[in-house]
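The structure appears right after this line, and notes come after that.
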There are 2 protein chains.
Amino acid sequence: MQAPSKRPDRSGRSWWGWGDESGQLTPAEADELVGRVSALLPGHDLTEHAPPDPAALGVPEPRITPPAALAALCSDAPVDRLGHARGKAFRDVVRNLTGDLGPVPDLVVRPRTEQDVVDVLDWCTSTGTPVDPYGGGSSVFGGVEPRFEGPAVSLDLEHLDQVVEVDPVSRAARIQGGVYGPALEAQLKPHGLTLRHFPQSFEFSTLGGWLATRAGGHFATLATHIDDLTESLRVVTPAGTSTSRRLPGSGAGPSPDRLFLGSEGALGVITEAWMRLQDRPVWQRTATAGFASYDAAVAATRALAQSGLHPSNCRLLDPAEALINAGTAVDGGLLIVAFESADHPVDAWFDRVLELVADHGGTVLATRDRSAEASTAEGDADASQAWRSSFIRMPYQRDTLARRAMIVETFETACTWDAFPTFHAAVTAAAQRAIAEVCGGQGVVTCRFTHVYPDGPAPYYGIYAGGRWGSTLAQWDEIKAAVSDAIIAHGGTITHHHAVGRDHRPWYDEQRPEPFAQALRAAKAALDPAGVLNPGVLV
Amino acid sequence: MQAPSKRPDRSGRSWWGWGDESGQLTPAEADELVGRVSALLPGHDLTEHAPPDPAALGVPEPRITPPAALAALCSDAPVDRLGHARGKAFRDVVRNLTGDLGPVPDLVVRPRTEQDVVDVLDWCTSTGTPVDPYGGGSSVFGGVEPRFEGPAVSLDLEHLDQVVEVDPVSRAARIQGGVYGPALEAQLKPHGLTLRHFPQSFEFSTLGGWLATRAGGHFATLATHIDDLTESLRVVTPAGTSTSRRLPGSGAGPSPDRLFLGSEGALGVITEAWMRLQDRPVWQRTATAGFASYDAAVAATRALAQSGLHPSNCRLLDPAEALINAGTAVDGGLLIVAFESADHPVDAWFDRVLELVADHGGTVLATRDRSAEASTAEGDADASQAWRSSFIRMPYQRDTLARRAMIVETFETACTWDAFPTFHAAVTAAAQRAIAEVCGGQGVVTCRFTHVYPDGPAPYYGIYAGGRWGSTLAQWDEIKAAVSDAIIAHGGTITHHHAVGRDHRPWYDEQRPEPFAQALRAAKAALDPAGVLNPGVLV
C-alpha cells in the first residue's frame, strides 16, 4: 500500500527534556504552575535553571567507524548522539539540566530497510559492538541508555515508519516498528480503522518501542497492554529473523510472540508487526463520580472491574490526584468511566455503572455523551476533560518544575484487590518516609488507577517534593529505591507498563522466578551469542 | 483451607477408550447410532469388534526399579501402566482395540506432595530416566505417550487435587495441578465461585493438563484459553521451582507464565496455579439462528466477533454439523449465541445480536432465558440444547463407531477472517480428497467454530468416514497428514487448543519461527539439562 509518508519534523525535539521545544509551557503557564506550587510548598526555592548549551558539554569523539556499506546510515553529530544518550525520565532530564554527561552512543544508525537492520546487527555481532534499539527514546527506566564501558551504537528505527498493508476484513494491519503514534493513526484513518493505543508518550514513541516494552495504552480493561493487540511479530535477531504467523489465537506450544513482547531490545529488533485494529468509535459515554471515602471508591471500582462491563476507560483518582490534575475537590476519590463502541449504543452498560456508583455511595458529578446522534455534557465541572488535557501536558510540567529543583516523578505497579489496602498503605508510607528523610518533609504522594482487572488494579503513583538544586537526582533515587523495595516486599510488580530498563533491574531480578531467569539467559545466548543487544537489560 | 477431598472413583476408567466404562453407549443407543450411520454410509461393514483382554496383551516387565524412598508412590501393575501408555485420540483407541501394544511406561508414579514431585524429578534426572507428566491422560495428540526407546516413568498428579486457598476479594484461588474438572468446581462451589473452564474433556482432564496444553474452554470470546484465566504458576523443574507472583497484569519483561503455558510437560511440572475465577452467572440468554447460506452465516459471526459484545458462547455449525450433532436441518449454517452475567441482565447485548442476525438475513429459530427471574424457551426445537448434550457424548459415540471400523475424528485450527474462505475450501478439499483416496469416497467433513476473535475464527472439523477394520489407523493417519499439510500451507495453526504433543510435531516445526525454536531449545536445556522431561515433545 505504501501510503505517502507523514514523517514528522523532528528538528524541534528537545535534547534535554520531554517532546518538542514548542510544546514547553509558555512563560504564563509556567508562572501559573509555579504559583500553585509555591502555595503548596511555601519556602521551596523556585529559582529557574536553564539547560546547558549542548555544544559546550564536551561530547567525546566517536570511538568507532562504521563499515563503508553502512556509513550512509550513520550519524556522529554530537547533539544527535546526545539526544540518543538517554530516555526521558525525571532522572534523565535532571542529568541533562545539570550537564551530567553519561555514556553517549558513538554512532546513531538509521536503517532504511529491514536488510539494513540485519546488516547492522551482523556488523555489531562480528565486531562485538553493543547496539541499543531506539524507538522514540521516551524510555523512563534507562532502556535506551548505553550504560556500560566501551563503544555503543544507537539503532534508531525512525525510517521504518510505514503501514505496509491493511486487512479490513480481519481488521488488522502490517506496520513497521519505527512508526510514531500520530503517523500510525494518520495512515490508518483513511481506512476507517484505528489501533487505539494512546500511551501518555503517544506523540513521542513508536510501535516497536511499545511492543518491546509491553506498553500500556488506551483501554483500561481487556486489551490493557499492546500485547493484546498483537497478531504477529517480525523480529530480526543475530541468529536469524523470526516471523510468527498471523493467528487470532493459537495453542501450539508456548507463544513465540510472548517471548519477544517485553524483550526490551535484548533479544532482537522488532521490525514489523501485524496489529489488531478497531473501527473508529461512534458511541461514547463518560461519567465522572465522586466518593466520600477512598475505601468506597476502591470498592466501587472493584465491582466495576468484576462486572463484565469492560469500560474502555476506568480511572480512579485519589483526592490529591483529583485536585492537582483534574482540578476537582473530592473527599474520597474521583472515578472516571467511559464506554465506547463502533457497533451499538452503550447506554445499557453506562446505566449499569451509574447503579454501581450509587450502590457504593458515590455521586455522579458529570456525564458526557459524544455519541454520533448526541453531544451533551451535564454537571458543574467536567473533571474527565480537565484530567485528559492535564495528562498530555504532565511531562512538560514536570520539566518546568525540574528546572526549579522540584522532584516530580511517577512510578506504577499492579497488585491483587485483596492485597491493595495493605500494599497501598505500605507504598505510600515508604514514599512519605523517604521524602521526609531526603527532602525534609515537603511533598505530596498521589495515586490513580490507570488500568483495572477483575483480580486487581494497576496503581500509578505521583511524587511531588521540593528538592535541592544539584541534589534532586540523588534525592529521587533514594525515594525510588524506598518505594521499589516496598512494592516488591508487598507482592507487586516493579512495572505494570513502563518496562524494566536498567533502573528497575535490582527489583526485577527479585521478582522474576529464578528458573525463568535461567531460561531467559539461555534464550538470549541462543539468539544473541555475542551479547551485543542492549547489554544490561533483562539478563 | 483443605476442603475435604472429593476424589472421584477412577476404578471404572476405560483402559482402551474414552472416560468411564459406565459412560459407554447403551446397546439401544449404539443401535440407534449405528442405524443412522448405515443410512448415511450404506455398504459400510458395521461389524462390532470388542476390545482385547488387557491381561492377554503381554505388557512387558518393568525395566526399572524405583529407589526405596519413592517405592510407595509407584505402581507397576500392567493394566495401570497400560492405562498410562497413551492418550484418548481416535488413533489411541484404535491401537488399543486392535491390541497394538506400543511403548508402555515402566512405572506409574503418583506423588502425594510437591516435594515428591521434586524427588521424582531428581531421581529421573540423576538416572537419565524419561518422565512424562500425566494429568487426566485425555491428550489427543500423543502428549503422554512414551514414544521413545528405553524405560519411562509416567508421573500421575492425581493426588495433588486440592483447592488450597480462595481469595474471594480478588476472585482467585490457589489450586493444585492434579485436580480434575468436577472436583475443582465442587470445591469452588461453596464459595459461590467458578473457574468456568469446560472443555469437552472436563470430566477426565486436570487443571495442570489444561495449563500445560493451553486448553480451550467455555468462553467463545475473550478468555478463550486457560492462559487468560491464569494469575500465577508454580512449576517444578529439574533446575528449581519457579513461582511467579500473583499479578493481575505486569509488564516486567517477557511473561514468565507464558513460557510455561503450553510447555506440555517438557519444561517442568505445574504443581499449582492461582486461577482467576468468576461469580456464578445469574442471567443467561441463548439464541439459535439459521442462515440460508454459509457465507452469510460466517459474515454474521464475524460481525458479532467484531462487535465488542463478547458473547460467552458463539458457535457456528455448518449444515452437516448442525444435522449430525444438533439434529437441525439448515441450508447455510446454525449459529448458537449465549450471554451470561452475574452482574446485570444481558438483554441489551442479546437484542443487539438479534439485530445482527437479521441484518445478515438470518432467522432466529429459538431463544432461551435461564436468568434468575425467568425461565423460558421459545421456538420449535432448541438446537442449542441438543448440541450441548451431543457435545459431551461425542467421544463415547466415536468409540462405538471406532469398534465398527468407522473413522471418526476431529482436528482444529485458527486463521484470520480474510483467509477463511480460501483456507476452509482448501482444508475441506484436502480432507475429502484424502477420504476418497484412502476410504473409497465414503465420508463426511463437518465444520464448526468453537471460538471466535475479532481477527478470525477457530474452526473445528469433524471427519466421519467408513474404514476397513485393521486399516483405520493408517487410513486416519493419511487423512490427518493431508489436512495438516493444507492447514500449514494456508496459514493456519496446527492447533488452536488441542496442543502439539508428538503427532503434530512435523507441522509445528514448520509453523514455529526458527529463532524461537532455538530460544526454546536453549530454555529447555537450561531447565532440564538431562533432557528427561517428556522427550520428543516441543523440542
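The values are calculated or read from the model by the stated rules, or taken from the named source; none is laboratory data. No experiment lies behind these values; they were computed from the predicted model shown. We place every Cβ from the backbone using ideal geometry, glycine too, and count neighbours over all the protein chains shown. Accessible surface areas use protein heavy atoms only, side chains included; no ligands, DNA or RNA. Shrake-Rupley method; radii C 1.70, N 1.55, O 1.52, S 1.80 Å.
General observations
- Dipole magnitude for segment B:163-279: about 160 debye, using +1 per Lys or Arg Cβ and -1 per Asp or Glu Cβ, origin at the Cα centre.
- Each Lys or Arg adds one and each Asp or Glu subtracts one; over the other residues with Cβ under 12 Å from the Cβ of B:VAL117, this totals -3.
- Cβ-Cβ FRET estimate between A:ASP122 and B:ASP122, R0 fixed at 35 Å, reported to 0.05: 0.25
- Each peptide in A:54-61, B:529-536, B:84-91 was scored by the mean count of other Cβ atoms within 10 Å over its residues; highest first, the order is B:84-91, B:529-536, A:54-61.
- Of the DSSP H helices in chain B, those whose Cα atoms cover at least 15 Å axially and whose Kyte score averages -1.0 or more: B:27-40, B:114-127, B:294-305, B:347-359, B:383-402, B:420-439, B:472-489, B:514-527
- Distance histogram in 10 Å bins (all Cα pairs of segment B:163-279, percent per bin): 14, 50, 32, 4
- Segment B:283-384 shape via C-alpha gyration tensor axes, a/c threshold 1.5: oblate
- Separation in nanometres of the label points that stand 7 Å from Cα toward Cβ, at B:ARG521 and A:ALA28: 6.7
- Accessible surface for segment A:41-90, divided over its residues, is 51 Å² per residue with a 1.4 Å probe.
- Entry note, chain A: relative contact order of 16 percent, from Cα contacts under 8 Å with a spacing of 6+ residues.
- Note on A:LYS189 and B:PHE391: with the Förster distance fixed at 45 Å, the Cβ-Cβ geometry gives a FRET efficiency of about 0.55.
- Counts of other chain beta carbons within 10 angstrom of each beta carbon in peptide A:238-247 average 6.
- Other residues with beta-carbon under 9 Å from the beta-carbon of B:TRP417 carry, at +1 per Lys or Arg and -1 per Asp or Glu, a net charge of -1.
- Segment A:493-511 and segment A:389-433 have their alpha-carbon centroids 16 Å apart.
- The residue list A:VAL346, B:ALA426, A:ALA486 was ranked by how far each Cα lies along the charge dipole of the protein assembly as shown toward its positive end, using unit charges on Cβ atoms, and A:ALA486 comes out on top.
- Solvent-accessible area lost in complex, 40 Å² minimum, residues of segment B:257-306 relative to chain alone, 1.4 Å: B:ARG258, B:LEU259, B:GLN306
- Here the protein assembly as shown is treated with +1 on each Lys and Arg Cβ and -1 on each Asp and Glu Cβ, and its dipole about the Cα centre works out to around 640 debye.
- Pairs with C-alpha atoms separated by more than 21 Å, drawn from the list B:LYS88/B:LYS480; B:LYS88/B:LYS524; B:LYS480/B:LYS524, are B:LYS88/B:LYS524; B:LYS480/B:LYS524.
- Gyration tensor (alpha-carbon) shape descriptor, the protein assembly as shown, a/c threshold 1.5: prolate
- Gyration tensor verdict on chain B (Cα atoms; rounded if a/c is under 1.5, prolate if a/b is larger than b/c, oblate otherwise): oblate
- Cβ-defined net charge surrounding A:THR472, 13 Å radius [Lys, Arg +1; Asp, Glu -1]: 0
- Counting from the shortest, the label point at B:THR26, 7 Å from Cα toward Cβ, is 8.5 nm from the same position in each remaining copy.
- Solvent-accessible area lost on pairing B with A (1.4 Å probe, both sides summed) amounts to about 6300 Å².
- For the peptides B:449-458, B:517-526, residues were scored by their other Cβ atoms within 10 Å and the scores averaged per peptide; the highest-first order is B:449-458, B:517-526.
- The portion of the accessible surface of the protein assembly as shown made up by carbon and sulfur, rounded to a whole percent, is 52 (1.4 Å probe; DNA, RNA and ligands excluded).
- 18 Å reach of a label modelled at A:PHE198, 7 Å along Cα-to-Cβ, counting backbone N of segment A:445-470: A:449-452
- Placing a label point 7 Å from Cα along the Cα-to-Cβ axis, A:SER471 is separated from the same position in the other copies by 9.0 nm, shortest listed first.
- Most positive-pole-ward Cα, B:PHE204, B:VAL153, B:VAL163, against dipole of segment B:145-228 from beta carbon charges: B:VAL163
- Calculated accessible area for segment B:468-539 comes out at 31 Å² per residue, all protein chains present (probe 1.4 Å; ligands, DNA, RNA ignored).
- For segment B:283-384, accessible area per residue (1.4 Å probe, heavy atoms of protein chains only), Å²: 37
- Buried on complex formation within segment A:391-419 (loss of at least 50 square angstrom of accessible surface versus the isolated chain, 1.4 Å probe, ligands and nucleic acids ignored): A:THR416, A:ASP418.
- Counting from the shortest, the label point at A:ASP122, 7 Å from Cα toward Cβ, is 5.0 nm from the same position in each remaining copy.
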